[in-house]
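The values are calculated or read from the model by the stated rules, or taken from the named source; none is laboratory data. Here the structure is a predicted model, which is why all the values come from computation and not from measurement. Every residue, glycine as well, gets a Cβ built from its backbone with ideal geometry; the counts of neighbours run over all protein chains shown. Ligands, DNA and RNA are excluded from the accessible area calculation, which covers all protein heavy atoms including side chains. Shrake-Rupley method; radii C 1.70, N 1.55, O 1.52, S 1.80 Å.
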Amino acid sequence: MASYSCPGKIHLIGEHSVVYGKPAILAAIDRRTYVSVRKDRDEKITISSKGFGSFHGSVKDCLDFSGRLDSLHGKGDFKKLFAAVRKTPSSSLRALAGKAAKELGIEEGFSARFKSGIESNAGLGSSAALSLAFTKSLASCFGIRLGDKKAGKISLSVERLFHGRPSGADTAICQRGGIIWFRKGTVKSLNGRKKEILLVRTKRESTTGEMVAKVKAMDPQKRIAIMDELERLTFEMRKHVSKRGNEKTVDIFNSAQQSLRALGISTPKIGRICDVVREIGGGAKLSGAGGGGCVVCIHNDLRSLGKALRREGFHPERALVGERGLRLFKP
Ligand code: PMV
């Protein structure tokens, strides 16, 4: 049996602009997905999970399904692709298993179990964490040595079935952990301190792919100006991310949120949370694709920040940023 765990992530800055070739800064958080895989004698794949459904089917069926999904992706028919992948929780697991097995050249049966502490569709990188931990556990269980680069590449190809054309930033941070500077093709670890933040969850109805498409459909002139501003703020953030206090990052967070709002990806509820945080001298922004999802809140006094948010009816949760990346664990 082989077991790996992988953290979720937040975008400190640079979501969406990263899709247009700009840099982004991401951090791993202390919410993890745990996957264990063992070989099975029959030609079947079984996946069970806590809260994410289950799947049982033949290896051949999974590989065939993966082939059909690859062909839809190749044609750029994301509507049909996502409908097939997301039809049921079981079809998502079938896609995950089939694609990872296909990429690794595995044609034998196996059983996998996973437990995720990362909420899905919340901008916390749950699918990147699951793809990575699953790919690595599956490879290791069948004695396939996967270097970091190859593991990241295969995992990203699995994620493409869920998100179309992800930038790869989620895969990079979930794999490396800590805090990273990411630009398509380049990943650099930054010397950030481990810091506590507050996360406030809001419901997200739309998918990452839909939000990326929404931004793409904007007036290009307006979009380019916002992306340039986000790039400027990302370079600014880089200068301050390693520092102890939050003085500078608070302002950068609030300015980034304004830009993300101008992209049309914030929501009224996210706006209200950000207002509460700003009013007591903190910084807040959405994280990830938007249209809902988690709001990341920073302040030098998290107790007061938590109280202020709770007073307004929100439910903040503490999280630690700068956590360790993909790693083995003993179940
Ligand atoms: O919400 P998430 O975790 O899927 O993050 C999406 C981030 C985007 O920049 C909007 C897309 C991407 O591929 O980087």
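Quick notes
- Subset of region 1-12 that is open to solvent by less than 10 Å² (accessible area, probe 1.4 Å) and more than 11 Å from the ligand (Cβ to nearest atom) - its residue that is nearest to Asp251 (Cα to Cα): Pro7
- Residue match in region 202-212 (condition: under 19 Å from the mean Cα position of the chain (by Cα), within 14 Å of the ligand (Cβ to nearest atom) and exposed (fewer than 14 other Cβ atoms within 10 Å of the Cβ)): yes
Per-residue answers, yes or no, for (1) outside any helix (DSSP H, G or I); (2) within 16 Å of the ligand (Cβ to nearest atom); (3) crowded, with 24+ Cβ neighbours inside 10 Å; (4) not basic (Lys, Arg):
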position: Gly264; (1), (2), (3), (4): yes, yes, no, yes
position: Ile270; (1), (2), (3), (4): no, yes, yes, yes
position: Asp275; (1), (2), (3), (4): no, no, no, yes
position: Gly281; (1), (2), (3), (4): yes, no, no, yes
position: Gly288; (1), (2), (3), (4): yes, yes, yes, yes
position: Gly291; (1), (2), (3), (4): yes, yes, no, yes
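- Ile144 vs. criteria open to solvent by 30 Å² or more (accessible area, probe 1.4 Å) and β-branched (Val, Ile, Thr): yes
- Residue match in region 309-317 (condition: surrounded by 24 or more Cβ atoms within 10 Å (Cβ to Cβ), assigned to a strand (DSSP E or B) and either touching a Gly at 6+ places or on another chain (Cβ under 6 Å) or not hydrophobic (A, V, I, L, M, F, W, C) (or both)): no
- Here Ser92 meets each of (1) within 16 Å of the ligand (Cβ to nearest atom); (2) open to solvent by 50 Å² or more (accessible area, probe 1.4 Å); (3) hydroxyl-bearing (Ser, Thr, Tyr) with one exception, condition (2).
- For Ile118, the requirement of being within 16 Å of the ligand (Cβ to nearest atom), open to solvent by less than 20 Å² (accessible area, probe 1.4 Å) and hydrophobic (A, V, I, L, M, F, W, C) is met.
- Search result, residues across region 228-248 that are within 14 Å of Gln258 (Cβ to Cβ) and either in contact with a Ser or Thr (Cβ under 7 Å, 6 or more places away or on another chain) or open to solvent by less than 40 Å² (accessible area, probe 1.4 Å) (or both): Glu229, Leu230, Leu233
- Tally of residues being surrounded by fewer than 24 Cβ atoms within 10 Å (Cβ to Cβ) and part of a helix (DSSP H, G or I) across region 13-52: 2
- Apart from one condition, Ala100 fits all of (1) crowded, with 24+ Cβ neighbours inside 10 Å; (2) out of contact with any Asp or Glu (no Cβ under 9 Å at 6 or more places or on another chain); (3) not in a helix (DSSP H, G or I); the exception is (3).
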